[in-house]
Amino acid sequence: MSTNGSKLGVEVRLEQLRRVFAGVVALDELSLTLAPGELVALLGPSGCGKTTALRLVAGLDEVTSGKVLFGGTDVTTLGANKRDVGMVFQAYSLFPHMTARQNVAFGLQMRHVDEQARNRRSDEMLELVGLSGYADRFAHQLSGGQQQRVALARALAIQPKVLLLDEPLSALDAKVRGRLRDEIRRVQLEVGITTLFVTHDQEEALAIADRVGVMNKGRLEQLGPPTTIYSRPATPFVAEFVGLTNRMEGEVKGGEVIVRGTRLPLVRPDTPDGTAVALVRPEAVSLASDGDAGGGPLVGTVIAVAFLGATSRVTVDLGDMIVLAQMPTSQAAATPAGSRVSLTLRPDPVLIARDETAAAEA
Amino acid sequence: MTAAGNPAFNAAARPLGGGRRLPLTWLGVVPFFIYVGIFLLLPTAIILAGSLIGPDGSISLSNFEGINKPYMYKSFTNSIEISTISAVLGAIFGALLAYAVATGDPKGFLRRSVMSAAGVVAQFGGVTLTFAFVATIGTEGFVYLWLQQHGIEMYPNGVWFFDLPGLTLIYLYFQIPLMVLVFIPALDGIRPQWREATESLGGNAWHYWRYVAGPLLFPSFLGCTLLLFANAFSAYATAAALLTQGGVIAPLQVQALLTSETGSSAPGLAKALALAMVAVVLVVMSLYALLQRRTSQWLR
């Protein structure tokens, strides 16, 4: 397939990007460098500044201060139509009066490529996204997932320096979402284009990205590979936003936290002593049938078992709190709802919840 | 309440009257069909039947030969001319106003006030409207007289106000707001992503209008212009109040033929002319519906 797969992506650098809307800071000094060909996902709740960041890179919005560089060239003052970016929007971005082929060819038409060449290129791009037979269809004759594939083909047809994806899957239903997510990743790797992907869906971000940047209130909280983000969250916000977390009260003492008699190491050993809420991942909780039915701080009753496929999530009632435990389904089968179990907490380093929430919990 | 203890609920979920639900569901639209029948189909049938009855009471096509006279022809072309001009001007100015409103805040004061004003003004017509214009810029109107006192003659090349140009001007008063009302939905259907997509694909504002917004809006614009044409074509009272000379435009010609003071009334001829008007409106409205259907697929 001649899709210029040999074309190397460029480095994209965001330097202290700041955007203020009518006194409200939407983006606060975001600095981020995407290596050539890398896919970075910006993840965060709505209003965290991730879409603002993307629009500043696209040139659809103006920076308050800071710089955007593509391959070392400052593009901060260039308009969107001069930046050479390919953009895929959330939904409904195809021109409805044009066929899929005409949509894909549009950017080439703007670049004065002759009709024969642009139709040839359109057909190649549609083939790349798996829609060869759909060139003559209009947007309203395509499903939501197909429309997004055409949008992807359209964005890539102009051979942009950077690909920007603004929640491209959020308007689709779950099954299509997963498939298209993998498809986007495949195409991105095949073309080798530097890509910024914005999403509020952690599963999506963790599945697709080389690195994930978690954002909150206009700031980048943590940037790292998905595994690090998940297993070594740098801040309590990241720990709670990415993945499920048990909030368990404990006592910080000498760089450790004691949760119901179990000593757990801290991610930040310099945490001051005192009562605190430890954030414990469900995978760090394991169960054993409590034959003796004896008491103890970590003995409780299974109240629900949620089958998730290869793994299952077991909900245990300890009397004064609910704890989630995740384990292989085969293990979960041994502890059906109603059984008495005792919990073991794996001594992974844990984070302490933010002060304000800890105080509210107490 | 448990589900089992609620048999009435289950019974209600079944269609009424077993499987025969069609007669009941149709009952709801009966008033509409009665309305359409009495106020639309019946008059059309009367006009059709009447147009086929000659002066001697026999069935003939003589009335249609009768309307093929220069003065009848002239009133018809006058009607088409004034409707076309007021529709095109109304569509252009109305579309510009609608665009200004559509690009503003959807819940803002400008939009709410313009939309309600347009809703009222688009329905304003007839004798009251004509009188308002006569009292303002007629040869006894206060604006005309005030300007005259200040040495400005509004009609230096003869008074055109009481002729077809004046009627066109008055028609614009309701044509522009009608255009705002009917064209706004199309403008609202234009999504901001299309402009942004155009930009990110390398296009500028001209490309956006030339290749995206223009082609998307044009069918709707054309359709709305046709609606305005039909609106002006069928207007009667406004013209009747302004024009003293009878039969200048088709609706006035129909009136003249029905109520001739010299006793030469020709109801058959009037109905034949009215039928010709119905035919024009039918063609225009069919095209309008066709164009609207096309855009509705794009601009949902």
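Quick notes on this one:
- Percent of beta bridges antiparallel (DSSP, the protein assembly as shown, rounded to nearest 5): 75
- FRET efficiency, B:Val278 to B:Ile80 (Cβ-Cβ, R0 22 Å, nearest 0.05): 0.95
- Using a Förster distance of 51 Å, the FRET efficiency for B:Phe124-B:Asn204 (Cβ separation, nearest 0.05): 0.80
- Under the span-like rule (Cα at least 18 Å along the axis, Kyte-Doolittle mean at least -1.0), DSSP H helices of chain A: A:144-157, A:174-191
- The orientation-averaged shadow of the Cα convex hull for the protein assembly as shown, equal to a quarter of the hull surface, comes to 48.3 nm².
- Choice from A:Ala278, A:Ala333, A:Ala58 showing the highest fluctuation, given a GNM over chain A with Cα pairs closer than 10 Å: A:Ala333
- Using C-alpha pairs below 8 Å separated by at least 6 residues, the relative contact order for chain A is 16 percent.
- Whole-number D in µm²/s for region A:244-356 (Stokes-Einstein; Kirkwood sum over Cα pairs; 37 °C, 0.692 mPa s): 228
- Pairwise alpha-carbon distances in region B:97-180 exceed 15 Å for 65% of all pairs.
- For the Cα trace of region A:217-266, dividing Rg by the Kirkwood Rh returns an Rg/Rh value of 1.04.
- Stretching the chain fully between B:Thr244 and B:Gln297 yields a gain of 14.4 nm (0.36 nm per residue, less the alpha carbon separation).
- Calculated P(r) of chain B - Cα pairs past 30 Å, %: 52
- Over chain A: helical MRE at 222 nm, DSSP H runs n ≥ 4 each giving -39500 (n - 2.57), nearest 500: -7500 deg cm²/dmol
- Within chain B, helix-based [θ] at 222 nm, where runs of 4 or more DSSP H residues each add -39,500 (n - 2.57), nearest 500: -21500 deg cm²/dmol
- Neighbour-count order for A:Glu283, A:Glu127, fewest beta carbons within 10 angstrom listed first: A:Glu127, A:Glu283
- Efficiency of FRET from Cβ geometry, A:Ser143 and A:Thr73, R₀ 35 Å, rounded to 0.05: 0.35
- Among B:Gly66, B:Gly158, B:Gly141, residue whose mean-square fluctuation peaks in a GNM of chain B (springs only between Cα atoms under 10 Å): B:Gly158
- Cα gyration tensor shape for chain A, rounded if a/c is under 1.5, else prolate or oblate: prolate
- Taking the number of Cβ atoms within 10 Å of each Cβ as an exposure proxy, the fewest-first ranking of B:Phe131, A:Phe138 is B:Phe131, A:Phe138.
- Dividing the mean sequence gap of close Cα pairs (under 8 Å, 6+ apart) by how many residues chain B holds gives a relative contact order of 28 percent.
- Each DSSP beta bridge with both residues in chain A is either parallel or antiparallel, and the antiparallel ones are about 75%.
- Residue exposure proxy: A:Thr64, B:Thr244, A:Thr199, A:Thr315, ordered by other Cβ atoms within 10 angstrom of their Cβ from fewest to most, comes out as B:Thr244, A:Thr64, A:Thr315, A:Thr199.
- Linear extension gain, A:Glu115 paired with A:Lys253, 0.36 nm per residue minus alpha-carbon span: 42.5 nm
- Membrane-span-like helices in chain B (whole DSSP H runs, Cα extent of at least 15 Å along the helix axis, mean Kyte-Doolittle hydropathy of at least 0.0): B:70-102, B:109-121, B:126-137, B:164-188, B:214-233, B:267-298.
A short reminder: the numbers here are calculations on the coordinates, not readings from a lab. Everything quoted here is computed from the prediction, not taken from an experiment. Methodologically, a virtual Cβ is constructed for each residue, glycine included, from the backbone with ideal geometry; neighbour enumeration extends over all protein chains shown.
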